[in-house]
Amino acid sequence: MFATDIGPFSAEINYRYNKGSLKYEQRDPYITHYYKHRMYDYYAQLTYPFNLPSSRVYPLIRIGYRDWFRAMGAENIKTHYPEYYSNYYWLVGFGWTKPIGYKFLFDVKFMFGRTFNARITTPPNNVVILPLLKLGDSNIYGIQTKLYYNLTTHILLNTYVQYERFNYGKTKTYSIPGTSYIGFIEPNSETHQLILGFGVTYEW
């Protein structure tokens, strides 16, 4: 992450990568799958801090882009029924920071926003080949706690825990070539994500 002050504002440019496992549940009929996944998240954020006696609060606005790759129950994410999602998003929220001694800084933020221009597709060697399909816009909710450590004047290390719930709206009705299927290829979906992360911030 890169951070700087622009007049009274604080600006960030951030890249975040995470990987892990997820549980997929379909309601009707009830089906459970386990996936491996990777997510690439790029965003820019602007905040306006207000100083309090021993801490600081700030409203924030964020705009970003996300790539999400997932594959069913396999270590090799490229060959086991992979699905590729992407979307832009915006978030607004507020945060609170408090120094802990001379070296540490605690930060917590709450966020709400929407996805837009979301897409899903599959690679050409998949069992079911999908074209690039548009998904509906939907909501994002999130909370993040982060602990910074001042390594040098300009470099901070951090660790964080983040919970996020985001949705994708259903596609239009499609038919799949070579099959008798006609319907929603991708229904409304809801994802709950818990991330434990580590990062580096450069301030200038």
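Derivation of every value follows stated rules applied to the coordinates shown; laboratory data play no part. From a predicted model like this one, the values you see are computed outputs, not experimental measurements. Cβ coordinates were reconstructed from backbone atoms using ideal geometry, including for glycine residues, and neighbour counts include every protein chain displayed.
Around residue 104, with a cut-off of 12 angstrom between Cβ atoms, what is the net charge of the other residues, counting Lys and Arg +1 and Asp and Glu -1? Numbers along the way, then the final one.
Details: positive: 98, 103, 146; negative: 107.
For residues surrounding residue 104, the net value is +2.
Of 23/170; 103/146; 98/146; 23/172, which pairs sit farther than 22 Å apart, going by alpha carbon to alpha carbon? Provide the component values of the computation, followed by the final result.
Working: 23/170 19 Å; 103/146 14 Å; 98/146 11 Å; 23/172 25 Å.
Long pairs (Cα-Cα over 22 Å): 23/172.
Using the Cβ-Cβ distance between residue 200 and residue 172 with R0 set to 45 Å, the FRET efficiency from 1/(1 + (r/R0)^6) comes to roughly 0.60. Modelled label positions at residue 25 and residue 164, each set 7 Å beyond Cα in the direction of Cβ, lie 2.2 nm from each other.
Taking amide H positions as modeled 1.01 Å from N, with prolines and chain starts lacking one, the residues under 5 Å from residue 138 and 5 or more places away or on another chain are 115, 169. In this rough spin-label picture, where each label sits 7 Å from Cα along the Cβ direction, the residue 134-residue 191 distance is 2.1 nm. For the pair residue 44 and residue 18, the difference between a 0.36 nm per residue extended length and the Cα-Cα distance amounts to 7.6 nm.
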